[in-house]
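The block underneath contains the structure these notes are about, expressed in structure tokens.
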Amino acid sequence: FRFATGSKSVSNPLHPQTSCIQLNPGSTTPDKDKNDMDSTTLEKLLTHLIDEVGGDWLVAGGTLVRLIFDSSRGTEDIDLLRIRHPVDSNEVSLDKLYQFALSIGSGPEWINTAMAPFVRAAPGWESHIVPLRRGKSGTLHRPTLTLFAYLKLERGSEIDIQDLEKAFQLTQKRPEEFSEKTLEGWLSLEGKKLWLTLRPRLLQALAKNPA
């Protein structure tokens, strides 16, 4: 898959036959209701993030699903984690993004950083991210399937399960992309229970996508 927008795209090891999802600034067809973020706003925020705010960022949640698995997936905000920045603190980086969001008629509520403690609680998580898009001064990363599954299983809602099914269906089966041992080492007791329930059909779906 490649990001098909203005900034430099980066290949990542997803299913090679998956068609490229283009965010058309003039189109809002993926959006399901008035609470969904339209494609124009999403693209503006992501572009500003890696072109102007800079640094390394992780995108996950519904935004990631919409970008690389299902263009019709609605999302009310952007799930982000600031990984690092050469100069600015986390607060300064986010404030710059918030101010830009306000300037385009959006607001801080469109930026969701709630996943940060969950990601940072997973030992070695930084080795489970993949560059997704590079801008003028920053890089947007995505989680590997291992990290993505961990975050979704810990939340465990119906839509999270749907997102997991799409991800396992469309991701190549590669060691660097998914490690069941690592996943189980990260999961809480409740997360493990859900994984054991979903495991047969998710692994079956993954097995259909050889590297």
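Taken together, the values in this text are just the output of simple stated rules run on the coordinates, not laboratory data. As the structure is a prediction and not an experimental result, all values here were calculated from the model. Reconstructed Cβ throughout: ideal geometry from the backbone, glycine too, with neighbour counts over all protein chains shown.
Quick one: in segment 93-211, what % of C-alpha pairs are over 24 Å apart?
Across segment 93-211, Cα pairs with separations above 24 Å total 35 percent.
For a Förster distance of 30 Å, can you work out the FRET efficiency between the beta-carbons of residue 104 and residue 126, rounded to the nearest 0.05? Provide the component values of the computation, followed by the final result.
Details: r = 31 Å, r/R0 = 1.03.
Calculated transfer efficiency: 0.45.
Which whole-Hz couplings ³J(HN,Hα) result when phi for each residue of segment 171-180 is put into the Karplus expression 6.51 cos²θ - 1.76 cosθ + 1.60, θ = phi - 60°, listed in order with x for Gly and Pro?
3J(HN,Hα) across segment 171-180, in whole Hz: 9, 5, 7, 9, x, 6, 9, 9, 10, 5.
Order of 162-172, 146-156 by packing, highest average Cβ count within 10 Å first? Intermediate values should be presented prior to the final figure.
Values: 162-172: 20.0, 146-156: 22.8.
In descending order of packing, they fall as 146-156, 162-172.
Say R0 is 25 Å: what FRET efficiency, to the nearest 0.05, do residue 174 and residue 116 get from their beta-carbon distance?
On the way: r = 27 Å, r/R0 = 1.07.
The computed FRET efficiency comes out at 0.40.
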